[in-house]
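The values are calculated or read from the model by the stated rules, or taken from the named source; none is laboratory data. Treat the numbers as computed from the prediction; the structure is a model and nothing was measured. All Cβ positions, even for glycine, are placed from backbone atoms using ideal geometry, and neighbour counts span all protein chains on display. Only protein heavy atoms, including side chains, enter the accessible area calculation; ligands, DNA and RNA are left aside. Shrake-Rupley method; radii C 1.70, N 1.55, O 1.52, S 1.80 Å.
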Amino acid sequence: MSDSSEHAAHVPHLCNRGALEGIRVIDLSRVLAGPLCTQILADQGADVIKVEPPDGDETRTLGPAVNADGDAAYFTAVNRGKRSIAVDLSLACGREALLALLEDADILIENFLPGTMARWGLDYETGLRPRFPQLIYCAISGFGEDGPLGGLPGYDAILQAMCGLMSVNGAPAGGPTRIGIPIVDHLTGYTALSGILLALYHRARTGRGQRVEATLFDTALSLLVPHAANWMHTQSVPGLLGSAHPNIAPYDRYPCRDGEVFLGIVNDRQFRKFCGYIGQPALSDDERYATNRQRLLHRDALRAAIEASLHAREREAVCRDLMQLGVPAGPVNSIPEAFEHAHTTHRGMRIERGGYHGIGAPIRLSEAPARPGRPPPAYAQHTDEVLREAGLDDTRIAALNEQGALPRRPPRKP
């Protein structure tokens, strides 16, 4: 097992580096929503202790893309800036180790099935709050603890299907389609982050911690703007529009000579500028296209006219010229094209340091800028270091090892 200094030689852990310096987070979460949330906290200066189960965070095995340590790229995408220990919380002695970590912790975040923590005697209201009244406890789950679906497991794609996201994504010919990124997990991570920061502010005023909850179900439903509002007001069931928008036209992708562009024209002024640019000012005077409502009613004819005007043009020139005119337009890029763009480099959104590859921090603070620190940890890499900081001496750590509470063997690799 490589030690932390070996990793830090490439990506040093930066102290005094963010708005959350001095905040300690105990991260019991796995996969995506929770780890993404805690990675953002780490980027902003929090000390995040990732507590992994005996089999490790399952994303370590979701290859085949892997790093030099054999961990899946998926894992490295949402676990930088953290220290890792492995604790078997199913054992009473393992739970004792966790309680030691919570003595000076500010935040605990977990995404176990509801009821798991209570079964271990770690329920927030009865097990943790009396002992740690300042602790902010964040629970992420699929559906919450109660209700018709309470306690059931939740996964991004399942929630996309159940909550109507797939029903408005895709083209009629292909049918409902999963959005190509785990968008529900992503937004749930940010929802949890928002709740934690609100709870920190409340604690600063009152001195009291509280329980924060974020569910994939609530998050998925919250994404249905404007489709749900349209349905609530008209009772018309939203359908598949491909890349088009149900309330705006032209708002879609169009072919150019060397690829596709996306036009996002949201008002009549932009539409007039666009028509002038493509050499068809008469389009903006045509009563069929004079307003957005009319353009929606005649979107097929409008699309044909736009395609005829763009098909021989180069997409880079089209996007550059339209954006300079104040007309939103962008190329439909591949992942490599997006990350190789000069503006991606300028914004620091691609990180490459000594073998670590990652996406930059999207939250910017002028007085306390985020500075992504140490690379994602190897399994159980910091166990002894973290437990000593929590006040456990070598004798107690050795005893926990003997009792099997501190797994040391890395999980299977992809």
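Here are some notes:
- Computed from phi, the 3J(HN,Hα) profile of the range 132-142 under the Karplus parametrisation 6.51, -1.76, 1.60 (θ = phi - 60°) reads 10, x, 8, 6, 9, 10, 10, 10, 10, 8, x Hz, with x in place of Gly and Pro.
- Note on log10 I(q)/I(0) by the Debye sum over Cα atoms at q = 0.09, 0.14 Å⁻¹: of the candidates (i) -0.52, -1.29; (ii) -0.50, -1.16; (iii) -0.67, -1.27, the value calculated from this structure sits at (iii).
- Summary of the geometry: the range 119-176 and the range 227-248, compared by the centres of their Cα atoms, lie 26 Å apart.
- Here the dipole of the chain is about 880 debye; that uses its Cα centre as origin and unit charges on the Cβ of Lys and Arg (positive) and Asp and Glu (negative).
- Each of ALA228 and ALA301 was given a label point 7 Å from its Cα along the Cα-to-Cβ line. The distance between the two points is 3.7 nm.
- Options ALA73, LEU101, ALA214, ranked by Cα towards positive dipole end of the chain, top entry (Cβ charges): ALA214
- When the chain is described by a simple charge dipole with +1 on each Lys and Arg Cβ and -1 on each Asp and Glu Cβ, the residue from TYR251, LEU159, VAL386 located farthest towards its positive end is TYR251.
- Once you reduce the range 283-308 and the range 14-58 to the center of their Cα atoms, the two points are 50 Å from each other.
- Area accessible to solvent at TRP231, 1.4 Å probe radius, in Å²: 110 Å²
- Calculated FRET value between LEU99 and THR344, using beta carbons and R₀ = 51 Å, to 0.05: 0.70
- Where GLU260, GLU145 fall by accessible area, highest first, once all protein chains stay in place (1.4 Å): GLU145, GLU260
- Residues whose amide H lies under 5 Å from that of VAL48, counting only those 5 or more places away or on a different chain, are VAL25, ARG83; hydrogens are built 1.01 Å from N in the peptide plane.
- Environment charge at TYR251 (Cβ cut-off 10 Å; Lys +1, Arg +1, Asp -1, Glu -1): +2
- In the chain, helices alone account for a calculated mean residue ellipticity at 222 nm of -10000 deg cm²/dmol, with every DSSP H run of four or more residues adding -39,500 (n - 2.57).
- Between GLY142 and GLY154, LEU216, the built amide H atoms are under 5 Å apart, and every one of these is 5 or more places off in sequence or on another chain.
- Of all accessible heavy-atom area on the range 206-261, the percent that carbon and sulfur account for (1.4 Å): 55 percent
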